[in-house]
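A short write-up of the structure that comes next.
The values are calculated or read from the model by the stated rules, or taken from the named source; none is laboratory data. Remember, it's a predicted structure, so these values are computed and weren't measured experimentally. When we count neighbours, we look across all protein chains shown, and the Cβ atoms used for this are built from the backbone with ideal geometry, even at glycine.
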Amino acid sequence: MAAVKIVIPTALRQYVGNLDAVEVDAKNVKEALDDLVDRFDLLRRHLYADDGDLRNFVNVYVNEEDIRYLGKDATPLHEGDTISIVPSIAGGSFSLMDRLVAKRKDVAGGLGVPLTQYLSAAGVGRLGIVDFDVIDETNLQRQVLYGTKDVGRKKIDVAKERVAQINPNVDVQTHETRLTSENALDILRDYDVVIDGTDNFPTRYLVNDATVLLKKPNVYGSIFRFEGQASVFFAAKGPCYRCLYAEPPPPGLVPSCAEGGVLGVLPGIVGSIQACEAIKLLLGKGDTLIGRLLVFDALRMKFRELKLRKNPECPVCGTNPTIKELIDYEEFCGLRGPSEQVGEEFQISADQLKEKLDAGQAPVLLDVREPTEWEIARLDKAILMPVAQVAARVNELSTADEIVVYCKTGARSGRITNFLRELGFRKVKNLIGGIDEWAEKIEPEMPRY
């Protein structure tokens, strides 16, 4: 038995009494993790899938090495070893993909505010900005490019003005649109470097796949609460993001920074690292973060460096890639699916549901999202029954009741609606567009994620 320390990431500390590290005695990684989840049972579902295997979006390191390339969970432990749990995190600043074109110039990216500032000041030849959002008061504490007078204005317009004030010689190319599978290759094709600071998993996988297909380096940054990550994914010289995280977590299981909040200075710290990596790439100088993941813990004021390896079975950059064109990333991340496959008579709109509630004809509201999503926002008097639990708990529902099933967008709830119909529930309906649609049309003050 060896005494080892397990470092708990910010996103999972709420399940271990807010501890940043837990000490255990174990012979191997499996024993160490088993001890951990036995002591903190709430953590189990975040680390392990129903089949008992580690989830695909959670990586485990012993010291600096990924256990996937050692002995997996049978990897032996030695006295004083450190086990790091590294889940994927969605947080970024605002959705900005930037770039820099001239030789020896820089490219800007996703944690857009600090990147825009530093790369403009550095003298980038050309900076491309992709964004479609407007400035909100809640942005100001971490997006210091903006002031109170800018609230309500388009971020892309204000960013362009600020760049001109910092360095009028920078050629700013603006793209006022959401980055999608249809436009990503055309937008990113001419850029030398892409910097990803997006705040959601669909766009993160989209950017990764697009840069692999275009053979461009992807400067990655992500933040959540008090933690940040940075790396450079460049399939020509090392791993891509999918090599690290083959699949995204189920919707709601890993919050974005919009859901969980973020320390205001963290975008500046991680964004500065990304800007530095972009400049090095463009200049061809120094040792970049290709093949390395830099993890920053602001609470402990510590940096850790973990080794990344190229996965030969990666579906986009591996030996025999199966992804050769951009796919539907909303569907891939479980955010959109077969709600349209539910018969029209088994669907209900947000307006129709509100009419029923106002008339005192309240149906049973069945929320099939994850508990983390439930904590962010929910319909009044709804019952939480995550998708994975429905089959085992179906006896809690009555076929005599009128039931409205909802999730985030209507995809998961559509599947559960069909499932319940097959079991004889004839008064079940799927909420079209999910709680997103409800928030947009009925309760605009409801938190969104």
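Checking each residue in the range 379-397 for being under 16 Å from ARG421 (Cα atoms) and touching a residue at least 24 places away in the same chain (Cβ under 8 Å) picks out VAL387, VAL390, ALA391, VAL394, LEU397. Pairs linking a residue in the range 14-26 that is in the same structural domain as LEU36 (by TED's automatic domain parsing) to a residue that is crowded, with 18+ Cβ neighbours inside 10 Å and of a type in the set (S, T, N, Q), with Cβ atoms under 9 Å and 6 or more positions apart or on different chains, are ASP20/THR10. Taking ARG68, is it under 24 Å from TYR449 (Cα atoms), surrounded by fewer than 19 Cβ atoms within 10 Å (Cβ to Cβ) and not hydrophobic (A, V, I, L, M, F, W, C)? Considered against the rule, which asks whether it is under 24 Å from TYR449 (Cα atoms), surrounded by fewer than 19 Cβ atoms within 10 Å (Cβ to Cβ) and not hydrophobic (A, V, I, L, M, F, W, C), ARG68 comes out as no. Looking at CYS317, is it within 31 Å of the chain's Cα centre (by Cα), buried (at least 17 other Cβ atoms within 10 Å of the Cβ) and assigned by TED's automatic domain parsing to the domain that holds PHE201? Against the criterion (within 31 Å of the chain's Cα centre (by Cα), buried (at least 17 other Cβ atoms within 10 Å of the Cβ) and assigned by TED's automatic domain parsing to the domain that holds PHE201), CYS317 qualifies. Within the range 167-187, restricting attention to residues that are surrounded by 15 or more Cβ atoms within 10 Å (Cβ to Cβ) and among the β-branched types (Val, Ile, Thr), which residue is farthest from THR203 (Cα to Cα)? Residue satisfying both the conditions and the ranking: VAL170. Could you check the range 18-60 and list, in sequence order, the residues that are assigned to a strand (DSSP E or B) and charged (D, E, K, R)? Matches in the range 18-60: GLU23, ASP25. If you go through the range 193-225 and pick out every residue that is part of a loop (DSSP other than H, G, I, E, B) and in contact with a strand residue (DSSP E or B) (Cβ under 9 Å, 6 or more places away or on another chain), you end up with 6. Of all residues in the range 64-89, exactly one satisfies the criterion of being more than 25 Å from the chain's Cα centre (by Cα), of a type in the set (S, T, N, Q) and in a loop (DSSP other than H, G, I, E, B), namely THR75.
Residues to consider are ALA298, ALA382, ALA350; find the one that is within 21 Å of the chain's Cα centre (by Cα) and surrounded by 14 or more Cβ atoms within 10 Å (Cβ to Cβ). Show your work before the answer.
Details: ALA382 fails: within 21 Å of the chain's Cα centre (by Cα); ALA350 fails: within 21 Å of the chain's Cα centre (by Cα).
Of ALA298, ALA382, ALA350, the one residue that is within 21 Å of the chain's Cα centre (by Cα) and surrounded by 14 or more Cβ atoms within 10 Å (Cβ to Cβ) is ALA298.
Selection over the range 211-221 of residues that are closer than 16 Å to PRO321 by Cβ, of a type in the set (A, V, I, L, M) and crowded, with 22+ Cβ neighbours inside 10 Å gives a count of 1.
Scanning the range 252-278 for residues that are farther than 18 Å from GLN143 by Cβ, surrounded by fewer than 24 Cβ atoms within 10 Å (Cβ to Cβ) and modelled with pLDDT under 85 yields GLY252, LEU253, PRO255. When the range 279-312 is examined, which residues are found to be at pLDDT below 95 and acidic (Asp, Glu)? The answer is ASP297, and nothing else. Which of the residues spanning the range 419-448 are more than 12 Å from ARG378 (Cα to Cα) and either surrounded by 18 or more Cβ atoms within 10 Å (Cβ to Cβ) or in contact with a His (Cβ under 6 Å, 6 or more places away or on another chain) (or both)? Those that are more than 12 Å from ARG378 (Cα to Cα) and either surrounded by 18 or more Cβ atoms within 10 Å (Cβ to Cβ) or in contact with a His (Cβ under 6 Å, 6 or more places away or on another chain) (or both): LEU420, PHE425, VAL428, LYS429, ASN430, LEU431, ILE432, GLY433, GLU437.
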